[in-house]
Every structure is written in structure tokens, then in C-alpha cells.
Amino acid sequence: MREVGIILGFVRPERIEFTARETVRVGEYLVANTEDGPVLYMVDDFQSVSTLLLKEMDYVTAEEARRASEVNPRDRMRTGVARAIGLIEELKRGRRIYPTVPPEPGDSVALADDGILSEVYCQSGERWAEVGRLLRRRNVRVSVDLNAIASRHLAILAATGKGKSNFLALLAKRVAERNGTMVVIDYHSEYRDLKISRLKEVAPRLNPRLLSAEELADVIGVRERAERQRAMLGKLLDERVRKAEDFWGELKRGLEMIAENGENAQERYTARRLLDIVDRALRIWGPIFDLKARSLIDQVHPNRVNVLDVSEFTEGQAQVLVSRLLEELLEDRKDAVKGYEARFDSPVIVAIEEAHVFVPSGESTYCSEIVSKVAREGRKFGLSLILVSQRPSRLNADVVSQMGSFTISGLTHPADQNFVKEVTDEVTEELGASLPSLNPGEMILVGSFVRAPALIKADLVEGKRVGKDIDAVSEWKKAESKRPPISEELIRL
Amino acid sequence: MVGHISDTHLGAFVGRDEELREVGEDVNEAFLEAVELFIRERVDIVIHSGDILDVPRPYGDALKVLLSGVRKLREKGIPFLFTLGEHDVSPIPSMPYPHLAHLLGLAEYVGDGAPREVKGLTVVGLHKYKKIDREHLVERLESIGSRVGSLSGKKVLVLHQAIKEAFGPGSELTVSEIPRGFNYYAMGHIHSHFETRLGKALLAYPGTSHWTDVDDPDECGALIVDLSGDEPQAHWVKLESVRPKVRIEVDARDLEKKLRELVERESRKRPVLWMEVEGEGIDLRAVESRLAQKYVIRKLVLRQKPKGGVELGHKEELDIDAELRRLAMNAIGDEEVVEYALGELLRLLSEGKAEEAVRSLWEFWRKRYGMESGEGA
């Protein structure tokens with residue numbers, strides 16, 4: 001192993017500072033010996049300082065200082081901070097044990113061999129899925145533990161364009177290869193065209209008969225404060241209406257009755273408003289309702305990657321959908337675990353895109369409660385979550401803190417960076433500082449699904465149209481050369 | 001003056017709704033009546049805004065009526081300008097039948113977007129564009145709009161489309177997509193009479209000249225449009241050949257009164273009747289026989305009255321066991337046997353204990369018929 005630096009200053013078991021002959025990149029892996037054995041470190045921060053060039057100065061002085069600095073190697077101070085990942089021997093066995101004693105100041109630090117790193121980062125076996133390679137070591141493949149995702153949840157937090165959905169697609173593909181069950185709540189119709197063999201494209205439908213009055217009010221777009229309208233809807237939605245063949249017709253007839261014969265003007269007005277709302281909802285969102293739709297879990301398939309296209313849903317409707325789906329899944333998985341008949345007799349992973357819409361911080365939505373519940377209890381029943389968001393600070397912190405693993409990239413907003421540091425103790429101040437400078441596909445993996453924190457370059461998934469921006473110019477061009485009008489072709493004079 | 005007619009649906013009902021065949025004759029007659037009206041009113045030209053025929057492959061009568069109508073106009077020196085509606089155009093690319101009139105020199109097709117000067121008027125039209133071709137339609141209209149300034153005289157645009165502002169979401173066009181600069185917009189497709197001003201210009205649908213559906217208006221007609229002034233004036237004339245139609249929903253309790261009223265009503269022609277009686281215990285055949293002479297009965301049904309709080313579903317839970325017992329009773333007819341078969345025997349068999357079942361069956365047989373085991377075998 002080649003020495004790259006000498007350990008300096010205050011040395012602690014979990015954190016060392018060193019000075020180096022040449023620049024060492026952040027994310028690089030180092031090895032130093034302690035009494036407990038060799039320890040793997042990751043470079044969190046590195047700086048290069050010239051005392052001659054440190055102060056503010058005029059151009060001519062700077063010129064001279066530069067020349068002086070060039071011929072005087074002592075003027076260049078290259079120092080770095082590295083954090084212990086763990087004892088190498090233990091890491092190889094899959095345990096993270098920190099050294100109890102620090103290396104000695106003056107000890108040398110060396111670059112870790114690819115071989116050692118591979119033993120730590122690339123496990124073989126069915127439960128491990130390769131997702132990319134170490135950013136600083138392109139020869140070292142990195143695998144993640146799907147079992148950890150399926151029991152301890154995962155959060156993918158990254159800015160737009162940094163490869164969140166690529167990473168999710170990658171996981172979906174790996175899950176599919178293992179006959180696993182996954183449900184992806186696809187908010188932007190991004191996952192339909194994935195080249196995954198076991199992909200099921202689902203256009204979820206809500207059956208209004210099965211919704212509670214409040215849920216129905218939300219999905220048809222009754223305003224939240226419109227209490228009279230909500231109360232009236234609740235009163236009308238009795239068994240008779242729910243079971244009526246023509247559900248909407250029956251509901252509307254009830255409303256018309258009140259609109260015409262209501263006791264007071266207020267009531268008649270409320271009924272008329274509701275009629276408008278129902279008509280509008282059917283006009284705009286007609287296709288998402290299906291009076292014959294079965295429960296949501298019957299619409300998704302076990303041992304498939306189910307992509308639920310909710311792009312035509314409003315936020316409120318998607319929330320109702322997600323909360324219903326999770327409730328049904330949790331019940332079903334509980335049955336499965338108890339040995340009763342269940343639709344899903346093996347664990348299910350539910351991935352939620354734009355998670356901040358469903359579990360926002362500081363307010364409660366339809367899903368907040370059930371998502372929290374799944375986050376807390378899901379592992380017992382083999383129901384886990386993958387939350388995907390580009391604005392982690394807008395996510396409910398309690399839910400995020402239940403996530404066992406994190407994939408993080410390119411967060412520029414300070415609030416988001418701080419949030420990440422708060423909820424995961426493994427993203428240090430220094431590593432956090434490099435978050436904004438990560439390029440697309442470069443991600444930090446921390447938590448129980450990796451043996452040790454890793455800075456990786458994720459593999460690219462085929463057939464993924466996300467990550468790519470829309471090529472507007474060529475699409476406009478395409479629209480120009482559109483098909484000839486049918487109406488004209490039919491007339492031959 | 002312009003005679004404006006639309007949605008004549010010549011040949012309607014024939015071969016499609018034979019019960020109303022005689023109404024089909026009224027449909028044709030209404031068109032000829034409009035022709036007479038136009039001649040009487042001395043219009044300069046006649047514009048037909050499409051849906052001339054009811055189906056793209058009509059029976060010969062429809063064409064005979066069309067050609068005789070336009071010939072009459074021709075003899076009086078009144079040009080007949082037309083466009084095509086979706087009912088005129090077959091799904092197989094081919095020449096639409098109404099174009100025969102053009103080929104015979106009896107009429108002029110204006111649905112191709114090219115302006116034509118006729119008697120000092122400039123007429124431009126487009127044939128029907130389906131909604132799927134909306135973009136093309138809008139493009140064609142933009143192109144027409146860009147040329148309208150160079151046209152002379154009073155200008156008329158002929159279209160067979162619905163307008164969203166007036167007829168809702170199914171429409172192909174919004175008012176803003178209709179090019180300005182014309183004096184009169186001769187519209188077709190919508191079966192009700194409708195007029196609106198676009199600035200000084202007038203946009204009008206004469207509506208169908210004869211209804212073809214129960215939801216169409218009862219009264220149908222054509223427009224006489226005076227383009228001589230600054231603002232066009234339209235005068236809608238009701239056509240008398242139109243068959244009266246009656247749609248009634250009546251409570252069974254008021255039926256007798258209604259029937260008497262219907263029977264006493266006098267009409268030029270036997271009206272077509274759609275009737276729904278709400279209630280129970282009505283002999284529809286008797287009702288029919290009382291009305292048949294005076295009405296062409298298209299629909300006569302009895303509808304259950306929704307009670308206050310309709311009870312849907314079963315009053316009692318469906319009991320599968322009881323049902324099974326009933327069926328078994330029907331088949332076997334012996335309570336003891338049924339009891340045994342559905343009880344012990346069924347239990348053993350469904351648990352897959354075949355041998356035990358056979359033993360039990362012998363035992364049952366032996367007890368019942370007093371046979372010793374093996375004796376009767």
C-alpha cells in the first residue's frame with residue numbers, strides 16, 4: 001500500500017487529520033493501522049493552502065509569491081480529514097466496528113487497495129444487488145442489501161436531475177430480477193417504458209362506492225373548508241346510494257331533490273354547488289373513477305414491479321389513493337404474517353415519488369398517518385417504503401427518521417442539507433458540504449443497506465426516459481410532420 | 001338574400017327505423033318545402049351547411065329528392081352551394097354522394113376552402129373536420145382568415161362544426177378560432193336553431209330541417225338571411241311538413257286523464273309518441289290500442305316507480321345452506337336422505353375421507369333398509 005500522507009494533530013479513533021504529498025480527493029479511501037488492526041477511512045474533506053498566497057495582495061506581489069511558492073514545496077500545505085468507516089477485518093465480515101484506539105500521530109496513511117474495497121462494498125449473494133461503482137474507484141462495484149430495503153425502508157433524496165428516478169428504476173429492476181414485489185407510485189409517468197421483464201403497468205382506478213364521505217369530497221374537489229358541502233355529501237352517501245348501480249346518477253338525484261325541495265335557501269344552494277362540483281369532477285377526472293373497480297390491492301400484482309401511473313390524479317386524489325393502498329397492503333401483509341389467506345404472501349416494497357406531497361412536514365394529509373404507521377410497523381410485516389423527494393426538508397422528519405437507509409445526491413438548498421445531516425448521523429458536516437457538487441448519478445449511500453457509507457456512481461438503467469430533459473425542439477419539429485387529416489382523406493372528389 | 005338550410009338528413013329512418021318510415025317521407029318533404037320557401041322568398045342563393053344525407057350510402061329516394069330539389073332551384077336561377085357533414089362522408093375514402101349534384105352541374109361544392117363569387121357574394125366553406133383533425137381545421141381557418149381581406153363583396157363562411165361556447169366540450173372549435181371579417185357565418189351540425197353576433201357579423205345555425213331524434217327540437221325550419229344592410233338580419237321560418245312529436249312521462253294515476261287528453265288532441269299528421277308510464281298494474285296493450293289510431297307509437301314502456309327510499313339488495317342474507325337443502329329436497333324428495341347426504345356424507349367427502357364415506361354410506365343404508373352388511377350386495 002502506497003503512503004499518501006502522515007497523520008497529524010489531535011487524533012481520535014473515528015476521525016484523523018493528515019497531511020499529504022499530493023492532493024487526495026474527497027471520497028477517497030485510506031487505510032491506517034491501529035492497535036485494533038487496520039482501519040478503513042474515507043476522506044471527508046481536503047484542502048490545499050499556500051501561506052505565501054494566503055493574504056489579499058496586489059497582482060505583482062501575487063506573481064512573485066506564486067514563483068516563490070512554486071520553488072518552495074514547504075509552502076504548499078495539503079491537509080485532509082478522514083473519518084473511520086470501520087475495522088477492515090470486521091467490515092469484511094459485514095460488521096461495522098470502530099477502532100477503540102486511534103492511530104499514532106506520525107503514522108502513515110495509505111490508499112486502500114481495490115481488493116479490500118471490493119470485499120467491503122461488493123457482496124455476492126441473492127440479497128445483494130449491484131447498483132454502481134465507487135466514484136473514486138471505478139474498478140470497485142458496489143452492491144446494496146435488498147433485504148435491508150425491504151425491511152428497514154429507504155429514502156432517496158436528491159435534487160432534480162441528479163438521478164433519483166434512475167436509482168429507483170435500478171432498484172426496481174433488481175427487485176424484478178429476484179421475483180420481488182414492488183409498487184411504484186409514478187407521479188410523472190416516468191417508469192412505464194422501463195425495460196423490466198416483470199413490469200406491470202397499472203392505471204389505478206378509484207371506486208367512489210368504497211370511499212368514505214370525506215375521501216369522496218376530496219377526490220371530487222370539494223374545498224377543505226366547505227363544511228356544509230361535506231356534511232351534505234356525508235348525509236347523502238348512505239348504503240342505498242353506495243349500492244346503486246348508477247352511483248353518480250343516484251347521488252345527483254339526491255342532490256337535485258335537495259336543490260329543489262331543500263328546507264332553506266342555504267341548503268338548496270349547497271346542493272346546487274355540490275351538483276356543479278360532481279359534474280365538473282366527472283368531466284375532468286371521469287377516467288380515474290370506476291364504479292366496478294375492485295379494491296386497490298386487487299389492481300396490483302404480487303411478484304411484479306407495478307407502476308401506478310397517477311399522472312392524471314390531483315394531489316388530493318393521489319393522497320387518497322396512496323393512503324388506501326397502504327392501508328390495504330398493511331392489512332393484507334398482517335394477514336399473510338398471521339398465516340391467513342392474503343394476496344401478497346411475500347414482502348412488498350412501495351416506492352413513493354414526490355414523497356413530500358404525501359408526507360409533508362408540519363401538516364397532515366390523508367397519507368401522513370398511514371405512511372408513518374408503515375414506517376414504524378411495516379418491517380414486522382414485510383411492507384417497506386422507498387420515499388423519493390427532491391425537497392427533503394419539506395418531508396415529515398419523524399417519518400424520514402424511520403428510514404434505515406439513504407441515497408443522497410446534489411442537494412443545494414441549505415435547509416435540505418441540514419435536514420439530511422440531522423436525520424442521518426452518517427452524513428458528516430464535511431461530506432454534507434460536498435453534496436451540492438455531486439454530478440448526476442453520483443450518490444452517497446448510507447445506512448443499513450450498505451456495509452459502509454459509499455460515494456458511488458450509479459449504473460444507468462436502460463429505457464429510462466427520466467433524467468433526460470425533454471427535447472422540446474425536436475418534439476415540436478415532429479409535431480409539424482404530423483399525419484394528414486383523416487377528414488380530408490375520406491373525401492375523393 | 002340567402003336561403004340557409006342545414007342538417008336535412010335526407011333518407012332518414014328508411015331501412016334504419018322502419019317503424020318511422022312514414023316520418024322519413026316527412027324528412028324529405030321538409031327539404032322540398034324549404035326549396036319552395038326559398039323560391040317564394042326570391043333568395044339569390046341557397047346555402048346548405050352539411051349533413052345533406054342521413055347516411056353516406058343512402059337509398060335512391062334520398063338522392064332523388066336532393067337532385068329534384070336542387071334542379072328546381074336551378075330552373076329558377078338560384079345557385080345551391082353546399083358543404084359536407086359527417087353524415088355525408090363514408091368511412092371508405094370515396095366521392096360523397098351529394099357531390100353528384102356538383103358533377104351534374106346542379107350545385108356547387110364550397111367545402112374545399114376556395115372562395116367563390118356568386119351573385120356579388122363571396123362564399124368560402126370547409127367540409128366537416130372531425131375532432132381528431134382539429135389542428136388541421138384550425139390551420140385551414142387561419143389560412144382562410146389571412147385571405148379574407150382580399151375578398152370582395154359581402155362574405156359568407158360555411159362550416160359544419162360545433163362551437164364550444166354554445167354547445168359545450170364536445171365541440172371542435174371555440175369562437176376565437178373562427179376567422180373574423182365575414183358578414184355571415186352559415187353554420188351546420190347543431191340541430192337546434194341558434195344565432196349569435198360576432199361584432200356586426202351574424203353566426204347562425206338554422207338547425208335541422210326535420211328532427212331525426214327524440215331529443216331534437218319539435219319545430220324545425222330554415223333561415224332567410226338578408227345581407228343587404230350593414231348588419232345581416234336572419235328570419236327563421238318554421239317548416240310545416242315536420243312531423244309532430246310528443247314525449248310524455250306520466251304517473252299511472254294520471255294516465256286516464258292523460259290518455260283522454262291525447263286522444264282528443266288534433267294534429268295535421270299522426271304525431272310520433274314516446275311515452276313512459278310510471279307505476280304498476282297498467283295494461284300497456286290497452287293503452288296502445290287506444291292511442292294507435294292517432295299516434296305513431298315509437299316507445300311505450302312501464303317504469304317502476306322509485307319508492308321513497310328504494311330498497312336495493314336482499315332483505316335477508318342469502319343462506320347458501322338453506323338453498324342447497326331446498327335443491328337437494330327437490331332432487332331426492334326424502335328428508336332423512338337429504339339430512340344424511342348434506343350432513344355426514346358431505347362432510348366426509350369434502351374432507352377427502354373416501355373410505356370412511358363408503359363405510360358410513362353402507363351403515364346408513366343398512367339402518368334405513370334393515371339390511372345386514374354385505375347381505376344385499
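Each value in this text was obtained by applying a stated rule to the coordinates, not by laboratory testing. These numbers were taken from a predicted model, which means no experiment stands behind them. Neighbour counts are summed over all protein chains in view; Cβ atoms, including those assigned to glycine, are modelled from backbone coordinates with ideal geometry.
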Chain B, helix-only ellipticity at 222 nm - DSSP H runs n ≥ 4, -39,500 (n - 2.57), divided by all residues, nearest 500: -9500 deg cm²/dmol
Distance in nm between label sites at residue B:41 and residue B:200, each 7 Å beyond Cα in the beta-carbon direction? 2.2 nm
Loop only per DSSP, at most 11 neighbouring Cβ atoms within 10 Å: give me the trypsin sites (Lys or Arg not before Pro) in segment B:31-75, ordered by residue number. B:42
As a Kirkwood estimate from alpha-carbon pairs, segment B:186-249 has a hydrodynamic radius in angstrom of 12.8 Å
Over the C-alpha atoms of chain A, what are the Rg and the largest Cα-to-Cα span, Dmax, in Å? 28.6, 97
Among DSSP beta bridges whose residues both lie in chain A, state the antiparallel percentage, nearest 5. 65 percent
Going by average Cβ neighbours within 10 Å, how do the peptides A:302-313, B:250-261 rank, with the highest at the top? A:302-313, B:250-261
Give the span of chain B's Cα atoms along each principal axis, as three whole-Å numbers ordered largest to smallest. 115, 53, 42
Binned Cα-Cα distance frequencies in segment B:185-331 - 5 Å width, integer %: 2, 8, 12, 12, 10, 9, 9, 9, 8, 7, 5, 3, 2, 2, 1, 1, 1, 0
Treating the Cα atoms of segment B:320-369 as identical point scatterers in vacuum, please give the log10 of the normalised Debye intensity I(q)/I(0) at q = 0.17, 0.32 Å⁻¹, two decimals. -0.52, -1.13
Quick check on the protein assembly as shown: of the DSSP beta bridges with both residues there, what percent are antiparallel, nearest 5%? 50 percent
Helix A:164-177 sits at what angle to the longest principal axis of chain A, using alpha carbons and giving 0 to 90 degrees rounded to 10? 80 degrees
Which one, A:71, A:392, A:59, is farthest towards the positive end of the dipole of chain A when Lys and Arg carry +1 and Asp and Glu -1 on their Cβ? A:392
Measure nothing but the geometry: give the 0 to 90° angle between the long axis through the Cα atoms of B:320-332 and the longest principal axis through the Cα atoms of chain B, rounded to 10°. 70 degrees
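For the protein assembly as shown, compute Rh as the Kirkwood radius over C-alpha pairs and then the Stokes-Einstein diffusion coefficient at 10 °C and 1.306 mPa s; write the answer in µm²/s, rounded to an integer. Could the numbers behind the result be given before it?
Details: Rh = 35.5 Å.
For the chosen part, D equals 45 µm²/s.
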Nearest 10 degrees, 0 to 90: helix B:255-264 Cα axis against chain B principal axis: 30 degrees
Over 18 Å between Cα atoms: which of B:131/B:164; A:173/A:421; A:173/A:338; B:258/B:299; B:245/B:299; B:269/B:294 fall into that group? A:173/A:421; A:173/A:338
Antiparallel %, DSSP beta bridges [both residues in chain B], to 5: 30 percent
Putting +1 on Lys and Arg Cβ atoms and -1 on Asp and Glu Cβ atoms, find which of B:173, B:1, B:185 reaches farthest to the positive end of the dipole of chain B. B:1
Which residue fluctuates most in the GNM of chain B (Cα springs below 10 Å): B:158, B:118, B:337? B:337
Mind checking the dipole of segment B:90-178: about its Cα centre, +1 per Lys or Arg Cβ, -1 per Asp or Glu Cβ, Debye to the nearest 20? 200 debye
Under 15 Å from the Cα of residue B:72, which aspartates and glutamates turn up, not counting those fewer than eight places away in the same chain? B:29, B:33, B:36, B:41, B:44, B:108
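What FRET efficiency do you get for residue A:98 and residue A:179 if R0 is 51 Å and r is their Cβ-Cβ distance, rounded to the nearest 0.05?
0.85
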Spread of Cα-to-Cα distances over 10 Å intervals beginning at zero, given as percent, for segment A:157-314: 10, 32, 24, 18, 12, 3, 0
Show that you can apply the helix-only estimate: for chain A, add -39,500 (n - 2.57) for every DSSP H stretch of four or more residues, divide by all residues, and state [θ] at 222 nm to the nearest 500. -11000 deg cm²/dmol
If you add up the charges near residue B:72, with Lys and Arg at +1 and Asp and Glu at -1, over every other residue whose beta carbon is less than 13 angstrom from its beta carbon, what do you get? +2
